Amino acid sequence: MTAYDYDLFVIGGGSGGVRSARLAASMGRRVAIAEEYRFGGTCVIRGCVPKKLFVYASQFHEHFEDAAGYGWTVGESRFDWPTLIAAKDKEIARLEGLYRRGLENAGAELLDTRAVLTGPHEIRLLKTEKTVTAETIIIATGGTANPHASLPGHELCITSNEAFHIEELPKSILIAGGGYIAVEFANIFHGLGVDTTLIYRGKEILSRFDIDMRQGLHKAMVDKGIRIVLTDVIEEVTKSPAGGLTARTKAGATIAADQVMLALGRDPNTVGLGLETAGVAVDHRGAVVVDAYSRTNVPHIFALGDVTDRVQLTPVAIHEAMCFIETVYKNNPTAPDHDLIATAVFSQPEIGTVGLSEEEASAKFDEIEVYRAEFRPMKATLSGRAEKMIMKLIVNAADRKVVGAHILGHDAGEMAQLLGVSLKAGVTKDDFDRTMAVHPTAAEELVTMYKPSYRVKGGERIA
Ligand code: NDP
């Protein structure tokens, strides 16, 4: 028993915070967890989960169209946005309830309040104006959408936060950014019948992905009817006299849209958290600086998830939380492993990826082999849909290790999960070659690309 009110106080009820609080409480620790908005955090409340529900909703019109090639006559169809929002809200409330109950059942105390640090071991609960103390503190406050405050008219725009609650589905939308959120929402809105334009400052969307994924997705989106404007940025957003908004771009274009959505990255959520008072160091972006074990410069204060700006992904925050438990409560120092994280972009078509892009691999290794297949998936034959899947394996020629695997197409995210296991286990191309195909699937292409499409040596494509 310590002199503190709690053994562990967690600030932030998102993925990382909830997992660490629940596990510590289930081990008999006296745990409190404070959340100022809703338990579940960005992922459950206004991120991954509702986004995926929106993705499903936005795909039905293509399913209806595809059905005709298989002999179905589908009657008149109509989409109702308020029905989707209400169903989504109900599901999110259910999940939030599960998160709350999981914490309660483990014995954690839930505090529905903003909490700020007022000393190295001291936390102020703003709702009750009460101050409590804890032996160990976790900062797991996540991130917030970059409001792009320097953009004139930014207050007229929405971010992904509001996109989940717009009252009326806009007829047109302009989305700024070329990352996960911009690309996913461009496909969602387009799929729901919204006239959609994406504007991105770079030469190709999804700057951190393999070039074939980037170009392949770009083409598929344009073919569907999404406008993509590259190497340009919005410089001003104003209200149009006739209603809606007008965006003026750096290149001199004027784009009118009912809504303008900014998806320009997410900032660590540390403003006003009392970190200075507690002596916790942050970097130039406001992210909490941590060591390999998620420990801040104040030894009993830890930080997990997006607030540390390491890798902004839910499973990473959860993994970091489990490593915290091992390190602090099981006497088994465990550093989170951030290598070879499989991830998916829920664009349409999807991207599933793990490991190095061709560009990264060719910069890292003297010689690489690239295995690449582009084909029409079987389902598209009878439906007549013009769509291509792209699969790509990047192999280090020196030891035959597969160092990157990239898929564009249906279920790419599902495949990436399993490829993640293989690459983590150090799979070689020879292992792929001696693996029997599952037929007929799209994934069988991954184990039947026997000959390299080309090699890259010293950064130059050689054959
Ligand atoms: P990303 O970092 O993916 O993308 C941000 C985009 O905004 C980039 O295209 C970036 O350009 C651009 N950008 C940043 N600042 C400016 C600026 N000042 N002017 C113009 N463009 C700018 O962030 P998101 O907001 O899309 O998503 C946040 C994080 O959430 C992601 O990093 C991801 O980790 C996570 N996420 C994961 C999802 C998943 O797993 N499916 C889904 C959604 C989010 P540039 O590339 O040139 O830097």
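The values are calculated or read from the model by the stated rules, or taken from the named source; none is laboratory data. Just so it is clear, the model here is predicted, and its values are computed rather than measured. Here the Cβ positions follow ideal geometry from the backbone for every residue, glycine too, while neighbour counts run over all protein chains shown.
Being within 13 Å of the ligand (Cβ to nearest atom) and either within 16 Å of the chain's Cα centre (by Cα) or not charged (D, E, K, R) (or both) is the filter here; which residues of the range 261-286 pass it? Met261, Leu262, Ala263, Leu264, Gly265, Arg266, Asp267, Pro268, Asn269 - these are the residues of the range 261-286 that are within 13 Å of the ligand (Cβ to nearest atom) and either within 16 Å of the chain's Cα centre (by Cα) or not charged (D, E, K, R) (or both). Cβ-Cβ contacts under 9 Å between residues 6 or more apart (or on different chains), taken from a first residue in the range 241-263 that is closer than 15 Å to Lys171 by Cβ to a second residue that is aromatic (Phe, Trp, Tyr), are listed as Gln259/Phe189; Met261/Phe185; Met261/Phe189. Scanning the range 45-67 for residues that are in contact with a helix residue (DSSP H, G or I) (Cβ under 7 Å, 6 or more places away or on another chain) and away from the ligand (no atom under 13 Å from the Cβ) gives Ile45, Leu53, Ala57, Ser58, Gln59, His61, Asp66.
Every residue, every condition in (1) hydroxyl-bearing (Ser, Thr, Tyr); (2) assigned to a loop (DSSP other than H, G, I, E, B), yes or no:
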position: His218; (1), (2): no, no
position: Glu235; (1), (2): no, no
position: Thr246; (1), (2): yes, no
position: Arg310; (1), (2): no, yes
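Taking the listed residues Thr196, Thr113, Thr133, the one that is of a type in the set (Val, Ile, Thr), within 16 Å of the ligand (Cβ to nearest atom) and not in a helix (DSSP H, G or I) is Thr196, with no other qualifying. Contact annotation: residue pairs with Cβ atoms under 6 Å, 6 or more positions apart or on different chains, pairing a residue in the range 359-388 that is farther than 12 Å from Arg455 by Cβ with a partner that is of a type in the set (A, V, I, L, M), are Ala373/Met391; Ala373/Met449; Glu374/Ile390; Phe375/Met389; Pro377/Met389; Pro377/Ala442; Glu387/Ala380. Just one residue in the set Asp267, Asp212 is surrounded by 16 or more Cβ atoms within 10 Å (Cβ to Cβ) and assigned to a strand (DSSP E or B); that residue is Asp267. Among the conditions (1) buried (at least 23 other Cβ atoms within 10 Å of the Cβ); (2) part of a loop (DSSP other than H, G, I, E, B), the only one that Thr42 does not satisfy is (2).
In this structure, does Ile318 turn out to be within 14 Å of the ligand (Cβ to nearest atom), part of a helix (DSSP H, G or I), out of contact with any strand residue (DSSP E or B) (no Cβ under 8 Å at 6 or more places or on another chain) and within 21 Å of Gly142 (Cα to Cα)? It is true that Ile318 is within 14 Å of the ligand (Cβ to nearest atom), part of a helix (DSSP H, G or I), out of contact with any strand residue (DSSP E or B) (no Cβ under 8 Å at 6 or more places or on another chain) and within 21 Å of Gly142 (Cα to Cα).
Being outside any strand (DSSP E or B), modelled with pLDDT of 95 or more and crowded, with 18+ Cβ neighbours inside 10 Å: is that true of Phe54 here? Judged against the criteria, Phe54 is a match. In the condition set (1) closer than 30 Å to Pro377 by Cα; (2) touching a Leu at 6+ places or on another chain (Cβ under 9 Å), Tyr56 is compliant with all but (2). Against the list (1) of a type in the set (Val, Ile, Thr); (2) more than 20 Å from Phe324 (Cβ to Cβ); (3) more than 16 Å from the ligand (Cβ to nearest atom), the condition Val10 fails is (2). Within the range 209-237, residues that are of a type in the set (Lys, Arg) have Cβ atoms under 6 Å from residues that are within 14 Å of the ligand (Cβ to nearest atom) in these pairs: Arg214/Glu204; Arg214/Ile205; Arg214/Leu206, counting only partners at least 6 apart in sequence or on another chain. Taken over the range 220-230, the criterion of being outside any loop (DSSP other than H, G, I, E, B) and either under 14 Å from Gly409 (Cα atoms) or not aliphatic (A, V, I, L, M) (or both) is satisfied by Ala220, Met221, Asp223, Lys224, Arg227. On the basis of being more than 16 Å from the ligand (Cβ to nearest atom) and in contact with a helix residue (DSSP H, G or I) (Cβ under 9 Å, 6 or more places away or on another chain), does Met391 make the cut? Yes: the conditions hold for Met391.
Residue count for the range 1-39 under the criterion of being farther than 20 Å from Thr144 by Cβ and part of a loop (DSSP other than H, G, I, E, B): the result is 9. Looking only at the range 167-185, residues that are touching a strand residue (DSSP E or B) at 6+ places or on another chain (Cβ under 7 Å) and either more than 11 Å from the ligand (Cβ to nearest atom) or β-branched (Val, Ile, Thr) (or both) come to 7 in all. When every residue of the range 150-159 is checked against the conditions, none turns out to be part of a loop (DSSP other than H, G, I, E, B), at pLDDT 95 or above, within 16 Å of the ligand (Cβ to nearest atom) and farther than 26 Å from Thr254 by Cβ.
Condition check ((1) within 20 Å of the chain's Cα centre (by Cα); (2) closer than 16 Å to Val328 by Cβ) across all residues:
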position: Tyr4; (1), (2): no, yes
position: Gly13; (1), (2): yes, no
position: Lys52; (1), (2): yes, no
position: Gly75; (1), (2): no, no
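Of all residues in the range 398-426, those that are among the aliphatic types (A, V, I, L, M) and either on the phi > 0 side of the Ramachandran plot or surrounded by fewer than 19 Cβ atoms within 10 Å (Cβ to Cβ) (or both) total 4.
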